[in-house]
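J.: Quick one: the structure is below, and I'll ask about it shortly.
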Amino acid sequence: MLVFSLRSLWNRRFVAGLTVLAISLSVALILGVERLRDGARDSFANSASGIDLIVAPRGNPVQILMATVFGVGGTGTGMTWDSFEWLEDRPEVAWAVPIQMGDNHRGYPVIGTDASYFEHFRHSGGQPLTLAAGTILTGDGADAAVVGAEVAARFDYAPGALIVNAHGSGEVSFELHDDAPFTISGVLEPTGTAVDRMVFVTLEGFDALHAEEDAPAADPLDPAAMPTDDHDGHDDHGEHEGTEAKHSHEPDRINAVYVGLIDRTNVLGLQRAVNERPSDALSAVLPAVALAELWGITGTAERAMQLMAWAVALAGMIGMVVMLSATLDTRRREFAILRSVGATPNRIVALIVAEAAILTAAGLILGLVLLTAATFVIDPILSARFGLRSGLNVFGMRELATLFLIFWAGLFASLIPAVRVYRMTLADGLSVRL
Amino acid sequence: MRALHVENLTFNWPGSENATLRIPNLSLAQGERNFLFGPSGCGKSTLLSAIAGVVDVSPGAILVANNDIGALNGGARDRFRVDHIGMIFQVFNLIPWLSALENVLLPCRFSKRRLARAGEDPAGAARHLLGELGLSDTSLVSKPASELSVGQQQRVAAARALIGKPDLILADEPTSALDEAAKAAFVDLLARECAEAGSALLFVSHDRSLEHHFDRSVDFLALNGGAA
Ligand SMILES: Nc1ncnc2c1ncn2[C@@H]1O[C@H](COP(=O)(O)OP(=O)(O)O)[C@@H](O)[C@H]1O
Ligand SMILES: [Mg+2]
């Protein structure tokens, strides 16, 4: 029966091919949208894993999360080093990592931080950052830089290479800090998160860039020597709290702090304490809550995309029904002949349903092929632009369920021409009037 | 055993007032070749549909190889048809996207009896039949049926009706699309192959010039009391 249907379809291979193409496009779209969404969510959730609280100048939680974790956009005017030390000394805080932002390296965000970042950052379910080559920022001097895997691969960076950063977070910037180069000390292993597209420098180095701006007369050949002198005046912030030993360099202002707690259940209490701190207008953001809020915002667009994808699927199904139905009249003779050689009306209905099954199944398979091909092409672009990967995921249960749903929809749709053909064969018998 | 026995058959098309068929008696012995003639629209095709079990008739009215067609239900009639009857139509007898050979083998695909009676090698039997009917060219036989001439298509249809030696062959004006010379040749070949297969032949036509090829000839108007 299947062979018979195949032969019959082959006879109409052009129209059949178009029908299969329509179905396959819808399959690729539906699964593609899902994978993209899952990829984005995983990637975002992975990037923020391990951080209990993000403290930043008062602002919108989603904006703070996007800026501090994904290097997209910026936060408000900086928070004081005092606030950082206050946080660090809170009893419920296990660790606190200072973050400075606002510069870019050839379009990739530059983060000013210290070695504690690499000690505490976790991604993809608790994995620490590991080095592919070189060393992290400690003991490498103020001009040391660590680059993410993506950045290293894109520009062919290896430890020892000199890089120059630019002010602002835009893709194109003419205001290069080319008088304050950094030397790459380490390259990170790929994580599949935003870290891959970041450049990390020391707090000292980050400040040095902006010190250069303020003092153009400084000696460009010795950038590392500059900031310690220039920022001498800030050291007293640490002195009266007695923590000067912890941080070799204490910047005037920072953009955010990643906080890890000893006991996570204290997170709400700390959040309240941060929000109520009188000397500095701060926000404490729970990454999970901000993410949920973010998905709430993007959810509408996602649903619109999904709706579109399913609409394309519907169009594909309608196309198939049209194709099968349109040929019925010209095939009346064919059915009469089959009846004359003993085919029951049920058998002829089965022929039509089998044709629909073949078209739909071919559409599903071609759709998966298209999707895989598209993933190969689009993934590197997505990964470079947004640090997310839709991934050549192994088949999820949900995808399988989607495919089944489409297959059954195809069979179900074929009942429309099938019922017609059943009535027709019974009415026509063998005597089709010509 | 008679290949066909019709007794007190009446048939109305749904919605029609008069009986299209009212046939008191019509019989074909095994292997007998019968010519049935009558003008267009008098109900010849309807009679063949009734014999083939495509339309509903009352039990006892039609026996094919001693089987009561009217007593069989739908699916059983379809199976019975292919087991015992070969059919040839006026035109468009073939599935266009199957080759000539595959068209001939169709009954064997749907009927175990026809398959069994076609012998060890059904494809060989089909080729033999096609050869007997003047289609021995291998390339011709494997071509899609749609690429054959009308005369060739009718001969392929004849081979399909004959394969697996059915008890009865129903031919509904199979020559009306052929020219004069081809007509006579076709009927000759068909008659010879029916004799070979031992199948009875009920050949319907409005063209009495073919009458002399048959054992017996029947005037449909005289036979059918129902025709207006
Ligand atoms: N499928 C059908 N439904 C209703 N009436 C039909 C059908 N087929 C034929 N008839 C009617 O039955 C009568 C006999 O037709 P038919 O058997 O085709 O004649 P013939 O084959 O002798 O030319 C005609 O009046 C025709 O209109
Ligand atoms: Mg007729």
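J.: With every protein chain left in place, what is the accessible area of A:T202 in Å² (1.4 Å probe, nearest 10)?
T.: Number for this one is 20 Å².
J.: Charges on Cβ only, +1 for Lys and Arg, -1 for Asp and Glu, centred on the Cα centroid of the protein assembly as shown; of A:V274, A:M79, A:V321, which one is farthest towards the dipole's positive end?
T.: Farthest towards the positive end: A:V321.
J.: Inside 10 Å of the C-beta atoms of A:340-351, what's the mean count of C-beta atoms belonging to other chains?
T.: 6
J.: Turning to a different aspect of this structure: What fraction of the DSSP beta bridges in the stretch B:2-223 is antiparallel, stated in percent and rounded to the nearest 5? If you can, show how the numbers build up before the last one.
T.: Values: 14 of 32 bridges.
Counting DSSP beta bridges with both partners in the stretch B:2-223, the antiparallel share is about 45 percent.
J.: Just to be sure I understand the model, the point goes 7 Å from the Cα along the line to the Cβ. What's the resulting A:A288 to A:L18 distance in nm?
T.: About 5.3 nm separates the two model spin labels.
J.: How do A:Y422, A:Y117 stack up against each other in accessible area, from largest to smallest, with a 1.4 angstrom probe?
T.: A:Y422, A:Y117
J.: Per residue of B:52-65, count partner chain C-beta atoms within 10 Å of its C-beta, then hand back the mean as an integer.
T.: On the way: counts 5, 2, 9, 3, 0, 0, 0, 0, 0, 0, 0, 0, 0, 0.
Counting Cβ atoms of other protein chains within 10 Å of each residue's Cβ and averaging gives 1.
J.: Net charge within 15 Å of B:L190 by Cβ-Cβ distance, Lys/Arg positive one each and Asp/Glu negative one each, not counting B:L190 itself?
T.: My count for the surroundings of B:L190 gives -4.
J.: Quick check for you: which residues of the stretch A:303-338 have the amide N under 16 Å from the point 7 Å beyond the Cα of A:L415 toward its beta carbon?
T.: The answer is A:318, A:321, whose backbone nitrogens lie closer than 16 Å to the label point.
J.: Something else about it: So if R0 is 41 Å, what FRET efficiency would B:D137 and A:A326 give, r being the distance between their Cβ atoms, rounded to the nearest 0.05? Display every interim value, and only then the final one.
T.: Numbers: r = 35 Å, r/R0 = 0.87.
It comes to 0.70.
J.: At a probe of 1.4 Å, how much accessible area disappears from chains A and B on forming the pair, both sides counted, to the nearest 100 Å²?
T.: Summing both chains' loss of accessible area gives about 2100 Å².
J.: Taking a spot 7 Å from the Cα of B:H206 along the direction of its beta carbon, which residues of the stretch B:31-69 have an amide N less than 14 Å from it?
T.: B:37-46
J.: May I ask you to give the solvent-accessible area per residue for the protein assembly as shown, in square angstrom, as obtained with a 1.4 angstrom probe?
T.: That works out to 43 Å² for each residue.
J.: With each label point set 7 Å from Cα along the Cα-Cβ vector, what nm distance links A:N346 and A:A273?
T.: 7.7
J.: Let me ask something else about it. Accessible area, 1.4 Å probe, largest first: how do A:Y258, A:Y157 sort?
T.: Largest accessible area first, the residues go A:Y157, A:Y258.
J.: Can you pull the accessible area of A:L400 for me, 1.4 Å probe, Å² to the nearest 10?
T.: 60
J.: Counting only protein chains, not ligands or nucleic acids, how are A:E276, A:E204 ordered by accessible area (probe 1.4 Å), most first?
T.: A:E276, A:E204
J.: Considering only the protein assembly as shown, what is the antiparallel percent among its DSSP beta bridges, to the nearest 5?
T.: 65
J.: For an R0 of 30 angstrom, estimate the FRET efficiency from the Cβ-Cβ distance between B:E120 and A:A361 and round to the nearest 0.05.
T.: 0.25
J.: Could you state how much accessible area A:W310 has, in square angstrom rounded to the nearest 10, with a 1.4 Å probe and all protein chains kept in place?
T.: Estimated to the nearest 10 Å², A:W310 gives 100 Å².
J.: What is the magnitude of the charge dipole of the stretch B:2-223 about its Cα centre, with +1 placed on the Cβ of each Lys and Arg, -1 on the Cβ of each Asp and Glu, and no other charges, expressed in debye to the nearest 20? List each step's numbers first, then the result.
T.: Working: 21 positive and 25 negative charges, 101 e Å.
It comes to approximately 480 debye.
J.: Using a 7 Å offset from the Cα along the Cα-to-Cβ direction at both B:A177 and A:T265, what is the distance between the two label points in nm, to one decimal?
T.: The modelled label-to-label distance comes out at 8.8 nm.
J.: Starting from a Cα-only point model with no solvent, please compute log10 I(q)/I(0) by Debye for the protein assembly as shown at q = 0.06, 0.07, 0.11 1/Å.
T.: With no solvent term, the Cα-only Debye profile gives -0.57, -0.63, -1.03.
J.: Ignore the peptide's own chain and count Cβ atoms of other chains within 10 Å of each Cβ in A:326-333; give me the average, rounded.
T.: Across A:326-333, the average partner-chain Cβ count within 10 Å equals 1.
J.: Report, to the nearest whole %, how much of the accessible area of the protein assembly as shown belongs to carbon and sulfur atoms, 1.4 Å probe, protein only.
T.: 59
J.: Which residue, chosen from A:L426, B:A52, A:L29, occupies the Cα position most advanced towards the positive end of the dipole of the protein assembly as shown, where the dipole is computed from +1 (Lys, Arg) and -1 (Asp, Glu) charges on Cβ about the Cα centre?
T.: Selected residue: B:A52.
J.: May I pose another question? Which residues, if any, in the stretch B:86-134 have at least 50 Å² less accessible area in the whole protein complex than in the isolated chain, probe 1.4 Å?
T.: B:F89, B:F92, B:I95, B:W97, B:R109, B:F110
J.: Separation of the stretch B:12-43 and the stretch B:88-110 by C-alpha centroid, Å?
T.: Distance between centres, Cα-based: 26 Å.
The values are calculated or read from the model by the stated rules, or taken from the named source; none is laboratory data. Note that the coordinates shown come from a computational prediction; the quantities given were computed from them, not determined experimentally. Every residue, glycine among them, receives a Cβ derived from its backbone with ideal geometry; neighbour counts consider all protein chains shown. The area values use the complete protein model at the heavy-atom level, side chains included, leaving out ligands, DNA and RNA. Shrake-Rupley method; radii C 1.70, N 1.55, O 1.52, S 1.80 Å.
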